[in-house]
Amino acid sequence: MPTPVIRVADAGIRFRRNRGGRRNFKDLFSGNTRRSRPGEFWAFRNVSFDVLPGEAIGVVGRNGQGKSTLLKLVAGVVIADEGVVKVTGGVAPLIEITGGFVNDLTVRDNVYLTAGLHGMTKREIEERFDDIIDFAEIGDFVDTPYKHLSSGMKVRIAFSVISMLEEPIILVDEVLAVGDRSFKEKCYRRIEEMLAGGRTLFFVSHNEKDLRRFCTRGLYLDKGKLVLDGPIDEVLDRYNAQYHS
Amino acid sequence: MFVPVSSDFGVRRTQRSHLTRYRHALWLLTKRDLRVRYSTSALGYVWSILDPLVMAFIYYFVFVVVFQRGGSVGEDPYIVFLLAGLLPWMWFNGAVSDSTRAFIREAKLVRSTSIPRTIWVNRLVLSKGIEYVAALPVLLAFALFTGGSLNWNALLFPLAIVMQAVLTIGIGLIVAPLVVFFRDLERAVKLVLRFLFYASPIVYGFSDLPVELQPLAAFNPLGGIFSLYRSAFFPEQLNWYPVVISAIMSVIFLVVGLWVFKKSERTVLKEL
């Protein structure tokens, strides 16, 4: 049996209920006490699963059940309060993809910056640069400051950069709800291609059609727990039975 | 027209060490900071020199022309003495006050990239430090122009730069995460910095302080660091007593900073 690329064991994370409420130094530094303090709630607890290379996982659940948080744990941009999240190999996170782009710099500089921050070397970026621009269909705007691009172009170039990262794990968090239909379809084909290339997908969406299209296995988060871990159809049926009947 | 997806991805990447990736990301963000600063203004580099120069002339006017330096404060040429303290102060001041917004300004990027979080502070110290080093030729030009002289103590410059970097990183690591929770701290830091400007030997020298104040003032780590810088032009400014204390203080700040940062990192990430 191949070794898992993502191992999540007994993971839990808690948040404050009232943002901007009063804080004191004690809250700040008591990072790993297990009990919940007043004003805090666990987004989820005791979540455990392994993901094997090449699997395509869809995370299902109602709003606020911690789907995006789970994705962020895997991406390494938040840290679990308990349990272990171990990810072997690099991650290409399609989360807030336009976040790293700087308004005042040109598209070219931005591509080098973002791809570089995600671990690509300069030479790798150079090799791929034309493909990135082609995919985003913004060949005429390579030396335009990023702020002058239309919002559609911004998303296109951002998706293009992240999707060119040669990382074994792809994380997708509803970013594909943007852009026009033909570009969206292009992104989907790109994701399918990457899946065919043996990459691992971790997908958060409310769109049942998309989930069934890409994923083979589903994780159902509800009421702070991982309720079901099984084939995506089974997971979606259970979810629908509970909330859409 | 897609790039064929190779099947060996991840293999090469894991071979690149963490240190290489850290340096790579740190350098990218530092370069970005500098490029943004210079590409959006016509004068670019000139600004980073003009700012301390104008300040230096203001202080020169106030303290030399108006107050006649009370007789014997600092050294001659005073403008070199002043700049030798003012330029590194700009580095310290700029990096610490920027670090109050280290996370808030880059929240989107912090939320989407999993680079080691200390980079968000270190890049500020590095980019301001590069500006400082780039401004040093101006200091040298003034020294030559006003008939000052450079001596062998200039070899202590790298030591002073390292000490200041350690100190500034330490303070940045304390300030940056705490501001995320206590927004008031942003203004408090600005206020403390303004106080610190006059509490540190910038417009005066360490030895100009009353003798009974000196033991207390030695605990301001900037004092020792600035006296190292100044000794390159004024050998009698070299006073090892505050230097040793400020070296110890700088290391303490760094250790405390790393501890605070590590302890609060998890909560900071949730808060952004």
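Key figures for this structure:
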{"read-out": "Calculated [θ] (222 nm, deg cm²/dmol) that DSSP helices of n ≥ 4 give over chain B, each run adding -39,500 (n - 2.57)", "value": "-23000 deg cm²/dmol"}
{"read-out": "Calculated Rg and Dmax of segment B:163-272 using C-alpha coordinates, Å", "value": "16.0, 51"}
{"read-out": "Options B:Leu26, B:Gly147, B:Phe92, ranked by Cα towards positive dipole end of chain B, top entry (Cβ charges)", "value": "B:Leu26"}
{"read-out": "Taking chain A and dividing mean pair separation by its residue count, relative contact order in percent (alpha carbons under 8 Å, at least six apart)", "value": "27"}
{"read-out": "Inter-label distance for A:Leu52 and A:Glu137, nm, one decimal - labels placed 7 Å from Cα along Cα-to-Cβ", "value": "3.9"}
{"read-out": "Cα shape, chain A, gyration tensor, a/c 1.5 rule", "value": "prolate"}
{"read-out": "For chain B: lysine pairs under 22 Å (alpha-carbon distance), excluding those fewer than 8 apart on one chain", "value": "7"}
{"read-out": "Mean Cβ neighbour count within 10 Å, used as a protection proxy, ranking A:54-65, A:132-143 highest first", "value": "A:54-65, A:132-143"}
{"read-out": "Size of charge dipole - chain A - debye, nearest 20, with Cβ of Lys, Arg +1 and Asp, Glu -1, no other charges", "value": "1500"}
{"read-out": "Cα→Cβ-extended label distance, 7 Å offset, between A:Asp130 and A:Arg213, nm", "value": "3.0"}
{"read-out": "Net lengthening on full extension, A:Asp10/A:Trp42 (0.36 nm per residue, minus Cα-Cα)", "value": "10.2 nm"}
{"read-out": "Beta bridge orientation in chain A: antiparallel %, DSSP, nearest 5", "value": "55"}
{"read-out": "Peptides B:216-222, B:196-202, B:60-66 ordered by average Cβ neighbours within 10 Å, highest first", "value": "B:216-222, B:196-202, B:60-66"}
{"read-out": "Charged-residue dipole, Cβ positions (Lys, Arg, Asp, Glu), the protein assembly as shown about Cα centre, Debye nearest 20", "value": "1440"}
{"read-out": "Dipole of segment B:172-235, positive end: most advanced residue of B:Val189, B:Ser200, B:Asn220 [Cβ charges, Cα centre]", "value": "B:Val189"}
{"read-out": "Per-residue SASA entry for A:Leu113, accessible area with 1.4 Å probe, Å² rounded to 10", "value": "10"}
{"read-out": "Length-normalised contact order of segment A:145-245 in % [C-alpha pairs under 8 Å, at least 6 apart]", "value": "19"}
{"read-out": "D_trans [Stokes-Einstein, Kirkwood Rh over alpha-carbon pairs] for segment A:41-135, 10 °C, 1.306 mPa s, µm² s⁻¹", "value": "99"}
{"read-out": "Inter-chain Cβ neighbour average for residues A:191-201, partner chain, 10 Å", "value": "2"}
{"read-out": "Distant-in-sequence amide H partners of A:Ile170 (H built 1.01 Å from N, under 5 Å)", "value": "A:Ala92, A:Thr200, A:Leu201, A:Phe202"}
{"read-out": "Relative contact order [Cα under 8 Å, 6+ residues apart], chain B, whole percent", "value": "24"}
{"read-out": "Antiparallel %, DSSP beta bridges [both residues in the protein assembly as shown], to 5", "value": "55"}
{"read-out": "Compactness of chain B as Cα Rg over 2.2 N^0.38 Å, two decimals", "value": "1.12"}
{"read-out": "Rg/Rh for the protein assembly as shown, where both radii come from Cα atoms and Rh is the Kirkwood radius", "value": "1.05"}
{"read-out": "R0 of 45 Å, Cβ-Cβ distance A:Asp180-B:Val255: FRET efficiency to nearest 0.05", "value": "0.25"}
{"read-out": "Electrostatic dipole magnitude of segment A:99-225 [Cβ: Lys, Arg +1; Asp, Glu -1; Cα centre; debye, to 20]", "value": "600"}
{"read-out": "Chain A, helix-only ellipticity at 222 nm - DSSP H runs n ≥ 4, -39,500 (n - 2.57), divided by all residues, nearest 500", "value": "-11000 deg cm²/dmol"}
{"read-out": "Farthest positive-ward along chain A dipole, Cα basis, beta-carbon charges - from A:Val87, A:Gly61, A:Phe129", "value": "A:Gly61"}
{"read-out": "Label point distance in nm, B:Leu216-B:Val162, each placed 7 Å from Cα along Cα→Cβ", "value": "3.3"}
{"read-out": "Segment A:38-103, accessible area per residue, ligands and nucleic acids excluded (1.4 Å, Å²)", "value": "33"}
{"read-out": "Rounded if a/c under 1.5, otherwise prolate or oblate - segment B:60-196, Cα gyration tensor axes", "value": "prolate"}
{"read-out": "Portion, in percent, of the accessible area of the protein assembly as shown that falls on carbon or sulfur, probe 1.4 Å", "value": "60"}
{"read-out": "Most to least accessible of A:Trp42, B:Trp91 (protein chains only, probe 1.4 Å)", "value": "A:Trp42, B:Trp91"}
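The values are calculated or read from the model by the stated rules, or taken from the named source; none is laboratory data. Predicted model, so just to flag it, every value in this text is computed and none were measured. Positions of Cβ are generated from backbone atoms using ideal geometry, with glycine treated the same way; all protein chains shown enter the neighbour counts. Protein only, heavy atoms only, side chains kept; ligands, DNA and RNA dropped before computing areas. Shrake-Rupley method; radii C 1.70, N 1.55, O 1.52, S 1.80 Å.
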